[in-house]
Amino acid sequence: MLPLTILVTSLMVFGNFAENYEFAAMKSTGISLQRSMRSLSVFIVALGIGCFFFANNVIPWGEFNFYNIRRNIAKVKPALAIAEGQFNEIGNINIKVNKKTGDRGQFLEGVIIHQKSSMRAGNYKVIASEKGELKSSPNSNILQLELINGNYYEEILNKDSRKNVNKPHAKSYFDTYVINVDLEILNSEDLDEKNHTSRYNMLDVEQLNYTIDSLKTNRTKDYNNLTKTLYNRSNYSALNTNFESEESDSLYTGNNVLDIFNTSNKIKILNLAINSSNSTRQIIATNKKTFETKAIWLNKHIIALHNKFVLAFACVILFFVGAPLGALIRKGGLGLPMVIAIILFLTYHFFGIFSKNSAEKGSFSPVIGLSLIHI
């Protein structure tokens, strides 16, 4: 908001000067517009430098402390950790509720839970219920979550991948379902513990540069691994050469190579090709989603890095946009400069949201997106 505040104030102040003929008085005494802006220009440049150091040091420090203290409080008081309309992590479950009621927020409505497993990563167990209640006592280390009128779903993974083709799962309906969360370890948490430092908004310029370089290196390794996997699945050594042909000559000059095999082998070869291509498509689709997620995470780090510099430049640029524009407005008093400032504010705000979201998703370079925001 600071660059926009500078824009609005420079428009209002210099617009007021122009309306009251202050610039005419200055010009009559030999003071030009550039000279009248000199001291303010020095102040704005100093303010921009201060903004960079604030964004590079103070904001990461504040984000770091806020995130960690919130996380630790959530461990001690789990009911406080549940925010309406979003997933919240409590122990080994991720819980989302539509509404909380009660003096302690213990009564829940519209509950959706993803329960973690120590054996594998991912959300394979989902529980949904109409209502729920958090039950705990000061002398107990167990948080009891009682769910009412809901459904239970769990995806079952077999060690034999061929048995997972039909998506085996278990599901049931329940009137009452109780989940116990052990808080013995969580309640012993030190509120001064600060062990979460990897978020992009907690890092300074040096740390962001190091993290971005690491993420790019890991992305290159992932691309190389996927390339090797696809190559190994499609080269000669991966072919099944157990099918015997009916032709004795090794050189075949016909149009369809399948004609050298009998009908039974033709069917086997086609099934093998279909299964191989489907498996390869599944590998590509899975890696595509993974690469998209990692690309967004990388773009967020790049955006966070350039935001620290862009904030400082935006303060200076918007001042030199607002001040001369305000000086040109000779009529309308405070109203017209304010209207123009609001129009510029809305343009800046909505175009900034569009550019940032597009840059995060990779529609264009994050650096270009941030530059478009402040042009």
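Keeping all protein chains in the complex and leaving out DNA, RNA and ligands, what accessible area do you get for residue 349 with a 1.4 Å probe, in Å² to the nearest 10?
Estimated to the nearest 10 Å², residue 349 gives 80 Å².
Any idea how far apart residue 281 and residue 29 come out in nm if each label point goes 7 Å out from Cα toward Cβ?
Roughly 8.0 nm, to one decimal.
Determine how large the accessible area of residue 59 is when every protein chain is in place; take a 1.4 Å probe and give Å² rounded to the nearest 10.
Accessible surface of residue 59 is approximately 70 Å².
How do 145, 2 stack up against each other in accessible area, from largest to smallest, with a 1.4 angstrom probe? Spell out each step's value before the answer.
Details: 145 5, 2 65 Å².
Order by accessible area, largest first: 2, 145.
The values are calculated or read from the model by the stated rules, or taken from the named source; none is laboratory data. It should be emphasised that the depicted structure is a prediction, and the values quoted were computed from it without experimental measurement. For neighbour counting, all protein chains shown are included, and Cβ atoms are generated from backbone atoms with ideal geometry for every residue, glycine included. Note: areas computed on protein heavy atoms with side chains; ligands, DNA, RNA excluded. Shrake-Rupley method; radii C 1.70, N 1.55, O 1.52, S 1.80 Å.
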